[in-house]
């Protein structure tokens, strides 16, 4: 069983080479799927986790509100992580609209 995972062309690749894994971790941009600042107090972040979470999930999307974080989704692929990121943005915006933190969007 491989101890580490790295990203290559947006695909997770198992490796036993700790140096390769360490080089990938040196820069957060190497692990960032997307980062969206919705407001001064709300951010959506989706990252490659570099280690397997439950059900072999390697990506995590979080919504950070007022300094508190909540896990929105964990995914197995970069593509699914991008979809989760978009869904988290929409959920955060809906919550902000419901609490009157921002004006309601008009649907087209």
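Please treat every number below as a calculation from the coordinates, not as lab data. Worth saying up front: this structure is predicted, and the values here are computed from it rather than measured. All Cβ positions, glycine included, derive from the backbone under ideal geometry; neighbour counts span all protein chains shown.
Report, as a whole number in µm² per second, the diffusion coefficient that Stokes-Einstein gives for the chain at 25 °C and 0.890 mPa s using the Kirkwood radius over alpha carbon pairs. Taking Rh from Cα pairs, D becomes 164 µm²/s.
For the stretch 31-98, the relative contact order is 27 percent, taking Cα pairs closer than 8 Å that sit 6 or more residues apart in sequence and dividing their mean separation by the residue count.
For the pair residue 9 and residue 32 in one chain, pulling the backbone fully straight at 0.36 nm per residue adds 7.0 nm over the alpha carbon distance.
Legend: ranking of residues 44, 33 from fewest to most surrounding C-beta atoms inside 10 Å; resulting order 33, 44.
Note on the stretch 31-98: antiparallel DSSP beta bridges, both residues inside, total approximately 100 percent of the bridges counted. Between residue 41 and residue 91, the simple spin-label model (points 7 angstrom out along Cα→Cβ) gives 2.0 nm.
Taking every DSSP helix (H) stretch of at least 4 residues in the chain, weighting each as -39,500 (n - 2.57) and dividing the sum by the residue count yields a mean residue ellipticity at 222 nm of -8500 deg cm²/dmol.
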